[in-house]
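Data first, discussion second: the structure below is written as structure tokens.
The values are calculated or read from the model by the stated rules, or taken from the named source; none is laboratory data. Quick caveat, the model's predicted, so the values are computed rather than measured. Here the Cβ is made from the backbone with ideal geometry for all residues, glycine too, and neighbour counts use every protein chain on show. Please note that ligands, DNA and RNA were not included when accessible areas were found on the heavy atoms of the full protein model with its side chains. Shrake-Rupley method; radii C 1.70, N 1.55, O 1.52, S 1.80 Å.
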Amino acid sequence: MLHFSLFFQAIDSIEPLLRRMSHQLSPLPRASLASLQRLQDLEESLAREHTPPSCSMSTPLSHSSAQDTTDHLPRQQPQDDRVEKLALLKDQALECQRCPHLVKSRRNVVFGVGNPYASLMFVGEAPGEEEDLRGEPFVGKAGELLTKIIHSMDYQREEIFIANILKCRPNMPAGVTGNRKPKPEEMTTCLPWLKKQIELIKPRVLVAWGSTAMEGLLGKSMLMRQARGRWFEFEGIPLMVTYHPAYLLRNQSLSEKRKVWEDMLQVLEKLERPISQKQRQFFLSATA
Ligand code: SF4
């Protein structure tokens, strides 16, 4: 059995390297993913051949199951044309003229960014000034905080798809700075773009960041303190509602951060992602 033992050691030494690569590159090169999958298949097949069915392996491998540990890798669909379809949808959205008053004032249509194969999709409200300038959702201070939350969840930003209910920045009266909340009719007009994105990406879980995103998706308003932390559904997909990162910037209390983190723990559980003890403890002292 010595050669099998050496073989398992070789697999264990290669696997962490491939997993580190998955955090540095998005998407992970298909060859690496394929290699990892082949190694796992071979390893499992060998384990089945050389382990009595009633016994577990005496030396557990570093991963317990593919389901648990590979959710953060882009889901492979080689025959899937969603990348092309999403690119086409983006081209169409960039030309959208449905809201003439917003077309006049926008600098960019903020379509959304991220992994077309994302299991997790975040939905915000609308581009602010900085997003309008850069053409990307969740940039600036709120975006930085969102990125920190994503990293704490053991994801990279590129692994998630991030979009807004409204693709164009709500216009402001001349001489007035800041951002305004999208109007219900603006959200209704723009929602088909987001629906189509969700239909193509097929995320397993959606998160609505803030009350406007919740209203845009669910078509009703609720008090955030009643809605956050609860599961809703959008087009059959589980939808978690939580506070917007901008709210956490305004309200720096650890107890509010803990609430958002508890919502993210629910999201990780729904996605069957491994959660470390350290992750479970984040901000806990605030509520003790
Ligand atoms: S907000 Fe949406 S629907 Fe309105 S012009 Fe922009 S992309 Fe089109």
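Residues whose amide H comes within less than 5 Å of that of Met240, counting only those at least five positions distant or on another chain, are Leu206, Val207, Ala208, Phe232 (H built at 1.01 Å from N in the peptide plane).
Considering segment 244-288 at the alpha-carbon level, its Rg and Dmax are found to be 11.2, 32 Å. Normalising by residue count, segment 83-286 has a Cα convex hull of 112 Å³ per residue.
3J(HN,Hα) along segment 115-128, derived from phi through the Karplus expression 6.51 cos²θ - 1.76 cosθ + 1.60 where θ = phi - 60°, amounts to 7, x, 9, 4, 7, 10, 10, 9, 10, x, 8, 7, x, x Hz, with x in place of Gly and Pro.
Could you compute the FRET efficiency for Gln277 and Met222, with r as their C-beta to C-beta distance and R0 at 51 Å, rounded to 0.05?
Working: r = 33 Å, r/R0 = 0.65.
The value I calculate is 0.95.
Note on Ser276: accessible area is roughly 50 Å² with a 1.4 Å probe, heavy atoms of protein only.
In segment 181-253, which trypsin sites (Lys or Arg not before Pro) fall in coil by DSSP and have 12 or fewer other Cβ atoms within 10 Å? Those satisfying the criteria are Lys220. Taking each of Lys148/Lys270; Lys85/Lys181; Lys167/Lys278; Lys85/Lys220; Lys195/Lys278 in turn, the alpha-carbon distance tops 27 angstrom for Lys85/Lys181; Lys167/Lys278; Lys85/Lys220; Lys195/Lys278.
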